[in-house]
Amino acid sequence: MTAHLIDGKAIAAEVREQVRLTVEDRLASGLRAPALATVLIGDEPASQVYVRNKRRACAAAGIRSIDHNLPATTTESELLALIDACNRNEGIDGILVQLPLPGHIDPAKVVSAIHPDKDVDGFHPLTFGLLALRTPRLRPCTSAGVMRMLERIDVDPKGKHCVVLGASNLVGRPLVLELLLSGATVTVCHRFTANLEEHVRQAEILTSAVGQPGLVRGEWIRPGAVVLDIGITRMSDGKLRGDVEFEQARQRASWIAPVPGGVGPMTVAMLLQNTLDAAQSQTKEFPNEAS
Ligand code: GUN
């Protein structure tokens with residue numbers, strides 16, 4: 001068996017085009033363009049690339065990106081003041097603060113300061129809690145992207161044994177909640193898991209977001225499994241590699257998402273979708289504000 005490739009680039013392009021068309025409809029009906037505040041702190045090259053891609057994708061979809069590039073010396077209270085101003089600005093629908101932040105800023109404080117209505121990353125504790133309680137509002141982008149890819153290839157996780165490698169706040173945990181919500185049986189593996197191979201061998205759907213090239217041996221893949229590799233590591237030769245031994249896994253899986261060109265492009269596409277959804281939702285309440 002040679003697996004079909006899950007073309008994340010093409011699926012992301014479909015999502016982005018759908019967002020663009022809906023934005024066009026909004027404008028035609030007299031509403032303003034959705035607006036996303038993007039905050040980049042410091043000059044970490046990878047974050048600069050990610051944020052540049054997000055800003056370009058906004059422009060291509062007709063979403064207004066309001067760019068804030070701040071020095072690495074920005075204090076936590078300066079950042080919190082900027083978020084507060086964005087929360088109160090009715091012309092802004094979504095707020096994205098690129099992570100990681102410089103060491104002197106507490107990311108949990110920053111994420112919690114973003115108003116849940118504008119939480120297009122889906123990392124706020126309330127947003128996360130709503131997903132855990134099966135009433136999601138905005139959804140974390142990468143895990144939502146994985147779910148969209150499964151839907152697009154007509155694979156329903158309901159009743160299937162899904163094995164999630166990596167339990168990070170940004171990807172693994174929200175993905176576990178998404179898969180649970182869809183009716184899957186979910187096993188989560190992390191740095192303390194003993195006998196990873198035994199778990200991987202049982203996976204009908206396998207996702208890996210660890211960032212360790214070659215972690216998953218191709219021969220461990222259950223025949224016919226769907227494999228979504230979310231790990232992405234730049235090697236010393238400049239090439240990008242995922243967590244799964246691709247060529248060997250491809251001989252056993254039924255579907256496989258490659259690195260690059262698999263899950264990666266979906267994160268940006270779902271960010272655009274979330275920004276549009278935030279703009280479309282009419283509720284903009286500020287519970288702590290005296291009126
Ligand atoms: N850093 C790595 N991935 C992400 C993401 O999805 N959102 C934000 N804000 N920062 C990130």
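Just so it is clear, none of the values below were taken in a lab; they were calculated from the coordinates. Because the structure is predicted, anything quoted here is derived from the model rather than measured. No Cβ is skipped: glycine too gets one built from the backbone with ideal geometry, and neighbour counts run over all protein chains shown.
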- [ ] Give, rounded to the nearest 20 debye, the magnitude of the charge dipole that the chain has about its Cα centre when Lys and Arg contribute +1 at Cβ and Asp and Glu contribute -1 at Cβ.
- [x] 400
Task: Chain lengthening between Phe192 and Leu5 when straightened (0.36 nm per residue, less Cα-Cα) - done: 64.2 nm
- [ ] May I ask for the net charge around Leu80, where only other residues with Cβ less than 12 Å from the Cβ of Leu80 are counted and Lys, Arg are +1 while Asp, Glu are -1?
- [x] -3
Open item on the list: If you take every residue apart from Pro265 with its C-beta less than 12 Å away from the C-beta of Pro265, what net charge results, scoring Lys and Arg +1 and Asp and Glu -1?
Closed with: +2
Task: Karplus 3J(HN,Hα) series, Hz, for the range 233-244 with 6.51 cos²θ - 1.76 cosθ + 1.60 (x for Gly, Pro) - done: 10, 8, 7, 5, 8, x, 7, 8, 9, x, 7, 9
Open item on the list: Please report the antiparallel percentage of DSSP beta bridges with both residues in the chain, rounded to the nearest 5.
Closed with: 5
Open item on the list: Whole-Hz ³J(HN,Hα) for each residue in the range 130-145, computed from phi via Karplus 6.51 cos²θ - 1.76 cosθ + 1.60 with θ = phi - 60°, x for glycine and proline: what do you get?
Closed with: 5, 5, 5, 8, 6, 10, x, 10, 7, 10, x, 5, 5, 5, 5, x
Open item on the list: Suppose only helical runs count, i.e. DSSP H with n ≥ 4. What mean residue ellipticity at 222 nm does that imply for the chain under -39500 (n - 2.57) per run, divided by all residues and rounded to the nearest 500 deg cm²/dmol?
Closed with: -12000 deg cm²/dmol
- [ ] Identify which of Gly231, Gly211, Gly94 has the largest mean-square fluctuation in a Gaussian network model of the chain, with springs joining Cα atoms closer than 10 Å.
- [x] Gly211
Open item on the list: How would Ile66, Ile230, Ile205 line up from fewest to most surrounding beta-carbon atoms within 10 angstrom?
Closed with: Ile66, Ile205, Ile230
Task: At 1.002 mPa s and 20 °C, Stokes D of the chain from Kirkwood alpha-carbon radius, µm² per second - done: 108
TODO: Report relative contact order for the range 85-182 in percent, whole number only (criteria: Cα-Cα under 8 Å, sequence separation at least 6).
DONE: 21
- [ ] For each of Glu219, Glu245, count neighbouring Cβ atoms within 10 Å of the residue's Cβ, then give the residues from fewest to most.
- [x] Glu219, Glu245
Open item on the list: To make sure I understand the rule: partners must be aspartates and glutamates, Cα under 16 Å from the Cα of Lys9, and not fewer than 8 residues away in the same chain. Which ones qualify?
Closed with: Glu17, Glu151, Asp229
Task: GNM top mover of Thr275, Thr187, Thr74 - the chain, alpha-carbon springs below 10 Å - done: Thr74
Open item on the list: Taking 0.36 nm per residue of sequence separation and subtracting the Cα-Cα distance, how much length would be gained by fully extending the chain between Ser29 and Arg234, in nm to one decimal?
Closed with: 69.3 nm
Open item on the list: Of the candidates Lys54, Lys160, Lys239, which one comes out as most mobile in a Gaussian network treatment of the chain with C-alpha springs shorter than 10 Å?
Closed with: Lys239
Task: Cα centroid separation, the range 199-222 to the range 86-165 (Å) - done: 24
Task: Which of His68, Gly94, Pro45, positive extreme of dipole for the range 1-155 (C-beta unit charges) - done: Gly94
